[in-house]
There are 2 protein chains.
Amino acid sequence: MALEILPSAASPSFWRQQIRDGHWRQHTSGLAEGYVQCNLVILPTRYAFDFLRYCQRNAQACPLIAVGEPGDYRMMSLAADLDIRTDVPSYRLFRHGELETEVTDLLSLWQNDWVTFAIGCSFSFEQALLAAGLEIRNITEAKNVPMYVTNRKTEPAGPFEGPLVVSMRPMLPADAIRAIQICSRFPAVHGAPIHFGEPSALGIGDLARPDYGDAVTIKPGEVPVFWACGVTPQQAIARARPDICITHSPGHMLITDLLNQHMAAF
Amino acid sequence: MALEILPSAASPSFWRQQIRDGHWRQHTSGLAEGYVQCNLVILPTRYAFDFLRYCQRNAQACPLIAVGEPGDYRMMSLAADLDIRTDVPSYRLFRHGELETEVTDLLSLWQNDWVTFAIGCSFSFEQALLAAGLEIRNITEAKNVPMYVTNRKTEPAGPFEGPLVVSMRPMLPADAIRAIQICSRFPAVHGAPIHFGEPSALGIGDLARPDYGDAVTIKPGEVPVFWACGVTPQQAIARARPDICITHSPGHMLITDLLNQHMAAF
């Protein structure tokens, strides 16, 4: 693909069309800067009420941006042209909670009782932090953010339960304070951090060995700052073992027409 | 009942016990000051996923504090001793969207597929405004807050749809600005106002004739300030016509052990 403008400057609809046409199968980090990208969970209707209660009870880890109508692969509140079956670069198909395969569209898989959940993602608040002049270590080091399974339990709903997963970004205390202020404005994309400092308070043994993503450098004087993470529902899905479930592949998000600034609570 | 302490100073569990024992059938305004009171909607499970999506899509009018498990009349996240069947002073029973009767408990009515929705209520933000020294006209005049059906449509979900209902409090502009700041901290109890000034912008013809509650005095220099209102779901229920639905009677709320301050987003 010969892109004549910066990936970050192209519009959300441009990127959805590129993805829909099979021209973009990579991560979506940095694409369509300023616009909300979402975590994706698709479940049959028979699981949807339980999963929706799970998200409501654990809103910091699973902040719902939108919930589709049963069987509807459009989500007008996210983008008028959106087709959930084709507009994500890579999907994961889980059966009974276990990853079976990755696919690049859902055209032949889609069922008329599937419900789509679009869940807020840390890309939105990372952008707000960068805009405020803060450094995001995983971006500086071009790594996936390190994520850790904690000893905190989420509130169960039906068969959905499991530990809270957190992402971690090291910061100097003054930057951590600024990050707490900025992220408080964005409850729909995980909101304020849930902890900083001692990892063992969350049951995390070794920051150098994350459960997901990559370890990042922690410099002298910095403290690890922990946010509730959108990977949390994957732990719940692995435990609930629904006979089928679709998610995005990590980093391959749903790009919406919503501005990150629309997510600001104030 | 010989109450030896101020009604506002007695604990939430004291009041729930009084209500449970049939000793209090009045409004709950001013009781257990500092604690969250909730709007109540109870629906059979077959409507619950649709109604939960409706609340998710219209979160400013229908901010969910908690959703019960199907058939469970307890809500541990609101209070350990809570019994939804007995702890509200007066309930309304709707069949096919129409009010059939008011009852003082649900002990003989309760069904094992009923789902309880506890929805945030303006009592919480009114208290935050009073604590900041603002006057709340409906409190000063000992009236129910005036509420108006607007020309704004809510986002539908399944059979649930209808107009947004707003409550109105007149304020001087400087107080309105302070109220916007304060209420922004409380998205779980309707959050910031949605409009101030010209009522016709919301399709409201005459502030002196509210659709619910009582008209209040608007003094020279004051502007009407409008908040999304928890009566909105009643409009949606009237249109969805579920074969059965229980709500609280207006003003007769569910008193929880949650502190209003716990509702602050930051």
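The values are calculated or read from the model by the stated rules, or taken from the named source; none is laboratory data. Since the model is a prediction, treat every value here as computed from it, not as a measurement. Cβ coordinates were reconstructed from backbone atoms using ideal geometry, including for glycine residues, and neighbour counts include every protein chain displayed.
Scan the range A:8-30 and tell me whether some residue there is in contact with a strand residue (DSSP E or B) (Cβ under 7 Å, 6 or more places away or on another chain), part of a strand (DSSP E or B) and in contact (Cβ under 8 Å) with a residue 60 or more places away in the chain. No: the range A:8-30 contains no residue that is in contact with a strand residue (DSSP E or B) (Cβ under 7 Å, 6 or more places away or on another chain), part of a strand (DSSP E or B) and in contact (Cβ under 8 Å) with a residue 60 or more places away in the chain.
Output the number of residues of the range B:158-170 satisfying the condition of being away from chain A (no Cβ under 14 Å) and either surrounded by fewer than 19 Cβ atoms within 10 Å (Cβ to Cβ) or over 21 Å from the mean Cα position of the chain (by Cα) (or both). The qualifying residues number 0. Here residue B:111 fulfils each of the conditions (1) more than 18 Å from the chain's Cα centre (by Cα); (2) surrounded by 22 or more Cβ atoms within 10 Å (Cβ to Cβ); (3) outside the structural domain of residue B:221 (by TED's automatic domain parsing) apart from (2).
Tell me, yes or no, whether the range B:77-92 has at least one residue that is charged (D, E, K, R), within 14 Å of chain A (Cβ to nearest Cβ) and either more than 21 Å from residue B:26 (Cβ to Cβ) or in contact with a Leu (Cβ under 7 Å, 6 or more places away or on another chain) (or both). No, because not a single residue in the range B:77-92 is charged (D, E, K, R), within 14 Å of chain A (Cβ to nearest Cβ) and either more than 21 Å from residue B:26 (Cβ to Cβ) or in contact with a Leu (Cβ under 7 Å, 6 or more places away or on another chain) (or both).
Select from the range B:15-32 the residues that are closer than 13 Å to residue B:254 by Cα and either modelled with pLDDT of 95 or more or of a type outside the set (S, T, N, Q) (or both) and list them in ascending order. Within the range B:15-32, B:15, B:16, B:17, B:18, B:19, B:20, B:24, B:25, B:27, B:30, B:31, B:32 qualify. Taking the listed residues A:194, A:177, the one that is within 14 Å of another protein chain (Cβ to nearest Cβ) and either of a type in the set (S, T, N, Q) or under 19 Å from residue B:263 (Cα atoms) (or both) is A:194, with no other qualifying. With respect to being surrounded by 15 or more Cβ atoms within 10 Å (Cβ to Cβ), assigned by TED's automatic domain parsing to the domain that holds residue A:148, without any contact (Cβ under 8 Å) to a residue 60 or more places away in the chain and of a type in the set (Phe, Trp, Tyr), residue A:196 fits the description.
Scoring residue B:155 on the criteria (1) away from chain A (no Cβ under 13 Å); (2) out of contact with any Gly (no Cβ under 8 Å at 6 or more places or on another chain) leaves a single failure, condition (1). Against the list (1) part of a strand (DSSP E or B); (2) out of contact with any helix residue (DSSP H, G or I) (no Cβ under 6 Å at 6 or more places or on another chain), the condition residue B:115 fails is (2). Taking the conditions exactly as written (part of a strand (DSSP E or B), buried (at least 23 other Cβ atoms within 10 Å of the Cβ), among the aliphatic types (A, V, I, L, M) and within 14 Å of another protein chain (Cβ to nearest Cβ)), does residue A:43 satisfy them or not? Yes. Of the residues in the range B:25-32, at least one is of a type in the set (A, V, I, L, M), within 13 Å of residue B:256 (Cβ to Cβ) and crowded, with 20+ Cβ neighbours inside 10 Å. What about residue A:44, is it touching a residue at least 40 places away in the same chain (Cβ under 8 Å) and either outside the structural domain of residue A:152 (by TED's automatic domain parsing) or in contact with a Leu (Cβ under 9 Å, 6 or more places away or on another chain) (or both)? So residue A:44 passes the test.
Here is a check on your reading of the model: is residue B:53 farther than 26 Å from residue B:168 by Cβ, more than 10 Å from chain A (Cβ to nearest Cβ) and among the basic types (Lys, Arg)? Here the answer is no, as residue B:53 does not meet what is asked. In summary, residue A:66 fulfils each of the numbered conditions (1) modelled with pLDDT of 95 or more; (2) aliphatic (A, V, I, L, M); (3) assigned to a loop (DSSP other than H, G, I, E, B) with the single exception of condition (3).
Annotation: residue A:264 fulfils all but one of (1) more than 14 Å from chain B (Cβ to nearest Cβ); (2) in contact (Cβ under 8 Å) with a residue 40 or more places away in the chain; the unmet one is (1). Summed over the range A:62-81, residues that are touching a Phe, Trp or Tyr at 6+ places or on another chain (Cβ under 9 Å), of a type in the set (Gly, Ala, Ser) and either under 18 Å from residue B:63 (Cα atoms) or surrounded by fewer than 18 Cβ atoms within 10 Å (Cβ to Cβ) (or both) total 2.
Restricting attention to the range A:82-104, the residues that are hydroxyl-bearing (Ser, Thr, Tyr), surrounded by fewer than 16 Cβ atoms within 10 Å (Cβ to Cβ) and in a loop (DSSP other than H, G, I, E, B) add up to 1.
When the range A:118-137 is filtered for residues that are of a type in the set (A, V, I, L, M) and part of a strand (DSSP E or B), the ones remaining, listed by number, are A:118, A:119. Going residue by residue through the range B:245-254, is there one that turns out to be among the small types (Gly, Ala, Ser) and within 14 Å of chain A (Cβ to nearest Cβ)? Looking for residues that are among the small types (Gly, Ala, Ser) and within 14 Å of chain A (Cβ to nearest Cβ), one finds none in the range B:245-254, hence no.
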